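Asks: Shown below is the structure under consideration.
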Amino acid sequence: MRIKRLVLLFGILPLKLFATIGPIPIYLNPVILESNFHGDYSSNSSFAHEVYTKDDIKKSASVDLYDFLTKHSSVSFVPSSGNKFAQQVDLRGFGLTNGIKHISIFLNGRKLNNIDNDLPNLTIIDINSIEKIEIIKGSGSIQFGDNASAGVINIFTKGSNNYSQIKTGNYGAKELSFNLTQNIDKFNLGISGSNRSHNGYSSSDPIGVNDSSNQQNFSVVLSKSDKSINHSSISFSKNEIKNNYPNTQTLEQFNSNPFANYVNRNFTQSIIGSQVVNFKQTIELDSQLKLLNHLSYEDNETNYLQYWGDRYIENYDLKKLDSTLEYTNNNLQVYSGINVSNGERKGSSGFIAKDNLGIFSKVSYSFDDIKLNAGIRNEKIGYQYKNNPTIESKNFHESAYELGINKKLNKDCYLFANLNKSFSSPSVDDLMHYDLDVNDYLFKGFIHPTTTDTINIGLNLLNQNTNTKISIFRSNIQNEMYLYKTNPGGANDFANDKNTNLDKSHKYGFELQNRTQLDNGINTDFNYAYIIAKIDSEDLNSNYSGKFLPMVSRHNLSLGLNMKPSQASSIRISHKYRSKAFAEEDFLNNFSQKQKAFNSTDFNYKYLINNDAEFIFDVKNIFKETYGTWLYDDKIYPGLIARDISASIKFSF
């Protein structure tokens with residue numbers, strides 16, 4: 001039945017809409033990559049990647065960054081225990097459970113990954129301000145260092161024009177947002193803010209609380225340019241998220257009514273707040289030498305009220321410094337720098353800190369139709385834990401290297417190959433484990449960082465109407481991090497359960513991305529990834545050997561169809577599919593229930609009322625598919641369970 005519906009949506013509808021409309025030509029051109037620090041054209045890069053421009057984002061009419069990346073990219077996102085603002089993420093088969101430990105996410109050069117397992121909140125980023133999104137797959141460890149084993153998501157913003165936007169939807173969804181900018185001589189001042197709220201899907205808990213959520217964002221940025229190359233800016237942002245987490249359900253309950261609250265216990269409630277100060281500076285020392293400096297300070301507080309009544313408050317201080325020197329001389333480019341970060345957390349479980357110090361250098365050289373890249377990085381990762389009378393500390397020293405080549409075969413075809421060694425260190429939460437006997441988190445010991453060796457081979461094909469990227473990869477991994485449970489799928493054993501390492505594991509896959517411009521203003525996009533992730537050996541349980549890693553879907557597919565019924569209107573129909581996987585704790589691959597496949601078909605309509613106003617109508621999950629996160633048999637966190645409908649109007653001035 002679903003296939004028939006998709007055929008109707010993707011096949012018959014465009015024929016009806018464009019029976020009488022002439023062609024509206026749109027040409028596909030290469031874009032500049034910034035993540036590799038060398039300004040390569042996307043076709044000329046030596047690594048697998050996806051690039052989305054401001055124009056791509058605007059045409060999609062996506063409501064937020066999660067919405068856009070879910071509909072277009074090969075990256076997987078899932079609400080974490082029902083939290084729509086901070087979602088679990090996976091790329092290249094590291095799994096939704098631990099994927100964030102292996103993916104570095106950057107906003108204008110500032111790393112968003114925290115020192116604990118709290119997930120970055122991408123909804124704080126105003127989608128109207130995004131200039132470009134770059135997704136680097138299986139590379140990036142030289143310049144970005146720790147936690148880039150699967151790859152890097154790099155988000156660049158340039159601010160947006162003056163606008164105000166109001167949005168409303170079912171289930172009490174509301175959003176107000178604005179942006180104001182003012183140019184004064186060499187200075188530019190920007191102020192933006194938003195308030196998003198949702199009344200939730202589930203029925204209330206015993207004290208009348210449901211899975212509602214609210215998010216408030218505010219930011220101000222002041223920038224100054226002396227000339228095109230010299231630039232400095234300082235910014236301040238403040239964000240707060242309130243979220244209530246629904247209880248788990250059995251399979252029978254989930255299939256019967258996923259909106260119901262079947263457990264007679266209170267929802268876990270959370271308030272997470274952050275304040276961030278950023279300073280960035282770019283200085284041209286001479287015609288060949290450029291210095292880039294970036295400093296940031298982040299103050300976070302997490303406040304959790306657990307369902308059993310205990311409240312936990314943790315305070316974080318995060319300080320980061322990045323300084324990089326770029327040298328360019330004709331076909332030679334050298335990029336060297338230092339990255340320093342210091343993160344501290346204080347709370348009921350004591351004081352714990354994680355410090356990173358990385359030094360790197362990368363070289364790029366071009367001749368004829370060949371481009372070569374090589375780089376090396378060394379990084380020190382230090383941990384310290386204090387909770388009277390316990391004092392523990394440990395340092396790890398990790399290295400990364402990269403070798404890459406891109407060969408232009410003809411004007412439309414580029415062949416690339418890349419060899420990359422990377423590392424991912426554990427978060428401070430991985431060193432702790434909750435003990436019900438004392439109702440607190442206790443220190444369980446240090447665990448080794450994960451090291452990954454990856455080879456990528458691919459083709460970039462680009463002409464006027466089609467952009468195709470093909471890649472294959474293989475990753476051999478040592479010490480992949482996971483939660484070892486003595487009783488998987490059953491009660492916790494607080495004395496023996498712990499975060500630790502798989503001895504050896506591997507992943508391999510095939511990736512295909514295509515964008516095609518058809519006649520009559522129709523264009524399509526297709527993104528498919530085939531991923532296999534397997535465990536080779538594990539001393540703690542030899543039966544894990546040869547098993548598939550949980551929470552990794554073998555097939556990942558995004559389909560999109562874009563149409564322009566007129567110059568003032570556009571329509572997008574998209575579908576996202578992820579195949580079923582083994583449940584989160586099913587390392588033996590023998591649970592009777594598996595992680596359900598993900599399906600969502602979405603519809604979006606945008607109409608330009610005039611030069612200063614546009615209307616957007618959005619429907620997510622048209623066919624009301626259901627999806628949850630399976631921890632084990634009959635332990636399901638409901639996620640996608642409803643059809644979401646929203647309408648918004650945006651005024652520019």
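Values quoted throughout were computed directly from the atomic coordinates according to the rules given, and no laboratory measurement underlies them. None of the values given here were measured: they were computed from a predicted structure. FYI the Cβ positions are ideal-geometry reconstructions off the backbone, even for glycines, and counts take in every protein chain you see.
Asks: May I have the count of lysine pairs in the range 433-590 with C-alpha atoms under 15 Å apart, counting pairs 8 or more residues apart or located on different chains?
Replies: Numbers: LYS444/LYS485; LYS444/LYS498; LYS485/LYS498; LYS504/LYS534; LYS504/LYS547; LYS507/LYS534; LYS507/LYS547; LYS534/LYS547.
Summing the qualifying lysine pairs gives 8.
Asks: Further question on the same structure: Of THR500, TYR414, GLY445, which is farthest along the charge dipole of the range 393-511 in the positive direction, counting Lys and Arg as +1 and Asp and Glu as -1 at C-beta?
Replies: Positive-most Cα among the choices belongs to TYR414.
Asks: Treating only the Cβ atoms of Lys and Arg (+1) and Asp and Glu (-1) as charged, compute the dipole magnitude of the chain about its Cα centre; round to the nearest 20 debye. The partial results should precede the final answer.
Replies: Numbers: 67 positive and 67 negative charges, 348 e Å.
In total the dipole reaches around 1680 debye.
Asks: Specify whether the C-alpha gyration tensor of the range 41-172 places it in the rounded, prolate or oblate class, a ≥ b ≥ c being the square roots of the eigenvalues: rounded for a/c under 1.5, otherwise prolate if a/b is larger than b/c and oblate if not.
Replies: It comes out oblate by the Cα gyration axes.
Asks: Further, regarding this structure: Past the 30 Å Cα-Cα mark, which pairs from LYS174/LYS346; LYS58/LYS238; LYS101/LYS408? Intermediate results must be reported in sequence, preceding the final value.
Replies: On the way: LYS174/LYS346 35 Å; LYS58/LYS238 26 Å; LYS101/LYS408 35 Å.
Result: LYS174/LYS346; LYS101/LYS408 exceed 30 Å.
Asks: Straight-line reach from LYS319: which aspartates and glutamates have Cα under 18 Å away, leaving out those fewer than 8 places along the same chain?
Replies: Within the straight-line cut-off, LYS319 pairs with ASP116, ASP118, ASP146, GLU298, ASP299, GLU301, GLU344, ASP355, GLU379.
Asks: Return the sequence-ordered ³J(HN,Hα) values of the range 286-296 in whole Hz as given by the Karplus equation 6.51 cos²θ - 1.76 cosθ + 1.60 applied to θ = phi - 60°, using x for Gly and Pro.
Replies: Rounded to whole hertz, the list is 7, 5, 10, 10, 9, 10, 10, 10, 9, 10, 8.
Asks: If you plug each phi of the range 444-453 into the Karplus form 6.51 cos²θ - 1.76 cosθ + 1.60 with θ = phi - 60°, what whole-Hz ³J(HN,Hα) values come out, in order, with x for Gly and Pro?
Replies: Per residue, the Karplus-derived 3J(HN,Hα) values read 10, x, 7, 10, 6, x, 7, 10, 9, 10 Hz.
Asks: Also, quick follow-up: Work out the charge dipole of the range 445-570 with +1 on the Cβ of Lys and Arg and -1 on the Cβ of Asp and Glu about the Cα centre, then indicate which of ASN476, TYR544, ILE531 is farthest towards its positive end.
Replies: Going by the Cα projections, it comes out as ILE531.
Asks: Another question about this same structure. Using 22 Å as the Cα-Cα cut-off, could you pick out the over-long pairs in LYS290/LYS362; LYS362/LYS421; LYS54/LYS320? Each step should come with its number before you reach the end.
Replies: On the way: LYS290/LYS362 15 Å; LYS362/LYS421 14 Å; LYS54/LYS320 28 Å.
As for pairs spanning more than 22 Å Cα to Cα, those are LYS54/LYS320.
Asks: About the Cα centre of the range 108-208, what is the dipole size in debye to 20, counting +1 per Lys and Arg Cβ and -1 per Asp and Glu Cβ, all else neutral? Show your work: numbers first, answer last.
Replies: Values: 9 positive and 9 negative charges, 56 e Å.
About 280 debye.
Asks: I've got another one for you. Count neighbours as other Cβ atoms within 10 Å of each site's Cβ, and list the chymotrypsin sites (Phe, Trp or Tyr not before Pro) in the range 273-322 that are DSSP loop with at most 13 such neighbours.
Replies: Details: sites: PHE279, TYR297, TYR304, TYR307, TRP308, TYR312, TYR316; in loops: TYR307, TRP308.
Sparse-neighbourhood loop chymotrypsin sites (Phe, Trp or Tyr not before Pro): TRP308.
Asks: What is the packing order of peptides 137-148, 447-458, taking the mean over residues of other C-beta atoms within 10 Å and listing the highest first?
Replies: Details: 137-148: 27.7, 447-458: 20.8.
My ranking of the peptides, most packed first, is 137-148, 447-458.
Asks: Then there is this: Considering only ASN278, HIS294, SER235, whose Cα is most displaced toward the positive end of the charge dipole of the range 220-306, charges sitting on Cβ of Lys, Arg (+1) and Asp, Glu (-1)?
Replies: Farthest towards the positive end: SER235.
Asks: Per-residue HN-Hα couplings for the range 48-57, Karplus 6.51 cos²θ - 1.76 cosθ + 1.60 at θ = phi - 60°, whole Hz, x for Gly and Pro?
Replies: 6, 7, 10, 10, 10, 9, 4, 5, 4, 5
Asks: Among 566-576, 420-430, how do they line up from the highest to the lowest mean number of other beta-carbon atoms within 10 Å? It would help to have the intermediate numbers written out before the result.
Replies: Details: 566-576: 18.1, 420-430: 23.9.
Going from most to least packed, we get 420-430, 566-576.
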